[in-house]
Structures are given as C-alpha cells and as structure tokens.
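Chemist: Provided herewith is a single structure, encoded as structure tokens, for subsequent inquiry.
The values are calculated or read from the model by the stated rules, or taken from the named source; none is laboratory data. Being a predicted model, the structure only gives us computed values, none of them experimental. In this analysis, Cβ positions are derived from the backbone assuming ideal geometry, glycine residues included, and neighbour counts consider all displayed protein chains.
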Amino acid sequence: WVKHENHTPIGAFKVRGGVTFMNDFAQRGGDSGIITATRGNHGQSIGFAARAAGVEATIVVPEGNSKEKNAAMAALGVRLVVHGQDFDEAREFADATAAEEGLSFVPSFHPLLINGVASYSLEFLGAVPDLDAVYVLIGLGSGICGMIAAREALLCAGADDVSVRGEPAT
C-alpha cells in the first residue's frame with residue numbers, strides 16, 4: 001500500500017502541516033507576515049498556506065538551492081531570499097530578519113506542523129488497518145512523528161492493533 005501524497009497541491013505531504021499551522025496563526029490573530037528557512041517542501045507548504053490565508057510570506061533558502069524548488073516557492077507568491085552557504089545560515093538569517101522586520105518566524109519543525117502531517121497517517125492507517133509494517137521516509141522527522149502520533153491516537157481510540165516498523169505499540 002502506498003499513500004500518494006504527491007497528489008497534493010504542492011506534491012508533498014508537508015502542505016498538511018503548513019495549512020494547520022497557518023490556520024492556527026490566523027485564529028490567534030496573526031496579522032504580521034511570516035518568515036521561514038527551508039530547502040524545499042517546507043517552504044512550499046508555508047507559501048501555499050500563507051497565500052490561502054492572505055498572509056505575506058518570506059522564504060529564505062541557502063545558495064545553490066534547487067532551482068525547481070525555488071521556482072515553485074516563488075510561484076506561490078512568496079518573497080524568496082537566497083542567503084547563506086547552508087540551511088543553518090539561512091535559518092539564522094531568517095530568524096534575524098524576523099526580529100528586524102517584525103515577522104513571525106515559522107520553524108521547520110513545530111508541533112502544529114506535525115499535527116497537520118499526522119492527518120495523512122490517520123487516513124492511511126484508517127484505510128489499511130492491518131499492516132505489519134509502515135515505512136516512512138525520514139528527513140527532519142515530521143513524517144515519522146506524525147505517523148507515531150496517528151498510531152498512538154488510534155490506539156487511544158481503541159483500535160485493535162496498530163504498528164509502526166513492525167514493532168507492536170505499547
């Protein structure tokens with residue numbers, strides 16, 4: 001079984017986290033612009049969600065970042081800034097820019113992002129409940145954290161048996 005998250009508006013599961021984060025941001029009265037650092041899918045997620053919420057978004061990427069990812073983020077209407085030799089330098093610049101310009105910094109790993117990402121796991125585990133193992137690609141970790149959160153939520157809700165990586169939940 002495969003969960004095709006490549007059919008989302010940005011072609012990745014990350015959009016679910018961005019929409020969840022921006023919904024909370026808007027409900028809390030967030031009216032400042034936002035800023036984040038990324039190398040790709042996180043920036044597309046935040047850019048997509050910010051555009052839908054009517055919030056200005058600045059995305060900082062390091063030098064040499066994927067031209068295709070940069071173009072995809074720019075197409076979402078974000079202010080794309082190239083700064084730094086690597087992700088850490090881009091993130092530090094984004095954090096400093098947030099303070100200078102009064103923007104809200106969106107970290108690339110945040111509980112609300114994971115909550116949104118977990119929705120794909122809930123759908124998957126709900127559709128195919130008798131899996132022996134689930135393989136989740138790991139980058140920064142929001143996908144696997146979302147899968148574990150979904151598994152635990154189903155167990156708490158009384159699902160008979162839900163496993164990740166073939167290890168029974170305890």
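Chemist: Being modelled with pLDDT of 95 or more and small (Gly, Ala, Ser) is the filter here; which residues of segment 96-115 pass it?
Modeler: 96, 98, 99, 102, 104
Chemist: Considering segment 42-89 alone, what residues qualify as being loosely packed, with under 15 Cβ neighbours inside 10 Å and aliphatic (A, V, I, L, M)?
Modeler: Answer for segment 42-89, where residues must be loosely packed, with under 15 Cβ neighbours inside 10 Å and aliphatic (A, V, I, L, M): 71, 74, 75, 82.
Chemist: Return the pair list, or none, for Cβ contacts closer than 9 Å from residues in segment 137-155 that are surrounded by 15 or more Cβ atoms within 10 Å (Cβ to Cβ) and among the β-branched types (Val, Ile, Thr) to residues that are modelled with pLDDT under 90 and outside any loop (DSSP other than H, G, I, E, B), at least 6 apart or on different chains.
Modeler: Here the result reads 144/164; 148/164, each pair linking segment 137-155 to a residue that is modelled with pLDDT under 90 and outside any loop (DSSP other than H, G, I, E, B).
Chemist: Select from segment 119-149 the residues that are in a helix (DSSP H, G or I), touching a helix residue (DSSP H, G or I) at 6+ places or on another chain (Cβ under 7 Å) and more than 10 Å from residue 13 (Cβ to Cβ) and list them in ascending order. Break it down into steps so the answer makes sense when it comes.
Modeler: The initial filter retains those residues of segment 119-149 that are in a helix (DSSP H, G or I), namely 119-127, 142-149.
Now restrict to residues that are touching a helix residue (DSSP H, G or I) at 6+ places or on another chain (Cβ under 7 Å): 119-122, 125, 142-143, 145-147, 149.
Within segment 119-149, 122, 125, 145, 147, 149 qualify.
Chemist: Okay, moving on. Out of segment 90-102, which residues are surrounded by 14 or more Cβ atoms within 10 Å (Cβ to Cβ) and either of a type outside the set (A, V, I, L, M, F, W, C) or touching a helix residue (DSSP H, G or I) at 6+ places or on another chain (Cβ under 7 Å) (or both)?
Modeler: Once the filter is applied, which keeps residues that are surrounded by 14 or more Cβ atoms within 10 Å (Cβ to Cβ) and either of a type outside the set (A, V, I, L, M, F, W, C) or touching a helix residue (DSSP H, G or I) at 6+ places or on another chain (Cβ under 7 Å) (or both), segment 90-102 yields 91, 92, 95, 97.
Chemist: Now for a different question. Do we have any residue at all in segment 65-83 that's in a helix (DSSP H, G or I), touching a residue at least 12 places away in the same chain (Cβ under 8 Å) and over 20 Å from residue 11 (Cα atoms)?
Modeler: no
Chemist: Something else about it: Taking segment 36-65 only, how many residues are out of contact with any helix residue (DSSP H, G or I) (no Cβ under 8 Å at 6 or more places or on another chain) and over 23 Å from residue 117 (Cα atoms)? If you could, list the steps in order and put the result at the bottom.
Modeler: So in segment 36-65, the residues out of contact with any helix residue (DSSP H, G or I) (no Cβ under 8 Å at 6 or more places or on another chain) come out as 51, 54, 63-65.
This time we only want the ones that are over 23 Å from residue 117 (Cα atoms), so: 63-65.
Residues that pass the stated criteria total 3.
Chemist: If only one of 113, 76, 140 is under 25 Å from residue 25 (Cβ atoms) and out of contact with any Ser or Thr (no Cβ under 7 Å at 6 or more places or on another chain), which one is it? Walk me through it before giving the result.
Modeler: On the way: 113 fails: out of contact with any Ser or Thr (no Cβ under 7 Å at 6 or more places or on another chain); 140 fails: out of contact with any Ser or Thr (no Cβ under 7 Å at 6 or more places or on another chain).
The match here is 76.
Chemist: Mind checking which residues of segment 1-29 are surrounded by fewer than 15 Cβ atoms within 10 Å (Cβ to Cβ) and either touching an Asp or Glu at 6+ places or on another chain (Cβ under 9 Å) or outside any helix (DSSP H, G or I) (or both)?
Modeler: Of everything in segment 1-29, those that are surrounded by fewer than 15 Cβ atoms within 10 Å (Cβ to Cβ) and either touching an Asp or Glu at 6+ places or on another chain (Cβ under 9 Å) or outside any helix (DSSP H, G or I) (or both) turn out to be 1, 2, 4, 9, 11, 28, 29.
Chemist: Residues of segment 49-64 being part of a helix (DSSP H, G or I) and touching a Leu at 6+ places or on another chain (Cβ under 7 Å), which ones?
Modeler: The first filter runs over segment 49-64 and keeps only residues part of a helix (DSSP H, G or I), leaving 49-53.
Scanning segment 49-64 gives a single hit, 51.
Chemist: Return only the number of the condition from (1) within 15 Å of the chain's Cα centre (by Cα); (2) not in a helix (DSSP H, G or I) that residue 114 does not satisfy.
Modeler: Looking at each condition in turn, residue 114 falls short on (2).
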